[in-house]
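Here the structure is laid out as structure tokens; the discussion comes afterwards.
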Amino acid sequence: MKALLQRVRAARVEVDGEVVGAIDQGLLVLVGVEPQDSEASADKLLHKLLNYRVFGDADGKMNLSLSDVAGGLLLVSQFTLAADTRSGLRPSFSSAAPPAQGAALFDYLLARAAARHPQVASGRFGADMQVHLINDGPVTFLLES
């Protein structure tokens, strides 16, 4: 799995003008699923998301995790993260998981996150979403599990 995490002051996802997920301070995470991914991949990714130290401590150093700051976690499926962009001028999506597998693993990640963290929201898998965010820093990392 690939995850593009962004530290945000606030973020929300809209579908057809309706807010379907929103958080205040925390992490907006765009999630891409690849064919070789499994529930174990999702568990490993979730551990990183909850414990990756990207928030500033009293000295301004990135020593605090999402769990430490009790921030929100907004998960948004994004199959384009799994694109093969190594050649040509058009991305290939043959390296992305089929939609059924992607939906199942995204739903698994979302359910596990909600069981382990108090503030979890999400976009809607497969929908045309508009993502609004106030990037804090900006701080952005690409994680792979």
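Note on the range 5-67: enclosed strands (runs of 3 or more DSSP E) holding 2 or more residues that are touching a residue at least 12 places away in the same chain (Cβ under 8 Å) and over 16 Å from R116 (Cβ atoms) are 18-23, 26-32.
Between L27, L66, L73, the distinction of being within 14 Å of T140 (Cβ to Cβ), surrounded by 21 or more Cβ atoms within 10 Å (Cβ to Cβ) and aliphatic (A, V, I, L, M) belongs to L27 only.
If you go through the range 97-124 and keep only what is buried (at least 18 other Cβ atoms within 10 Å of the Cβ), part of a loop (DSSP other than H, G, I, E, B) and in contact with a strand residue (DSSP E or B) (Cβ under 7 Å, 6 or more places away or on another chain), you end up with H117, G123.
Condition check ((1) hydroxyl-bearing (S, T, Y); (2) surrounded by 13 or more Cβ atoms within 10 Å (Cβ to Cβ); (3) over 17 Å from V120 (Cβ atoms); (4) in contact with a strand residue (DSSP E or B) (Cβ under 7 Å, 6 or more places away or on another chain)) across all residues:
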site: Q6; (1), (2), (3), (4): no, yes, no, yes
site: R12; (1), (2), (3), (4): no, yes, no, yes
site: V33; (1), (2), (3), (4): no, yes, yes, no
site: E39; (1), (2), (3), (4): no, no, yes, no
site: L45; (1), (2), (3), (4): no, yes, no, yes
site: R53; (1), (2), (3), (4): no, yes, yes, yes
site: D84; (1), (2), (3), (4): no, no, yes, yes
site: S87; (1), (2), (3), (4): yes, no, yes, no
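Of all residues in the range 41-63, those being out of contact with any helix residue (DSSP H, G or I) (no Cβ under 8 Å at 6 or more places or on another chain) and farther than 15 Å from L143 by Cα number 8. A single entry from A96, A70, A104, A115 fulfils the requirement of being of a type in the set (A, V, I, L, M, F, W, C) and at pLDDT below 95: A96.
The values are calculated or read from the model by the stated rules, or taken from the named source; none is laboratory data. Note that this is a predicted model, so its numbers are computed, not measured. No Cβ is skipped: glycine too gets one built from the backbone with ideal geometry, and neighbour counts run over all protein chains shown.
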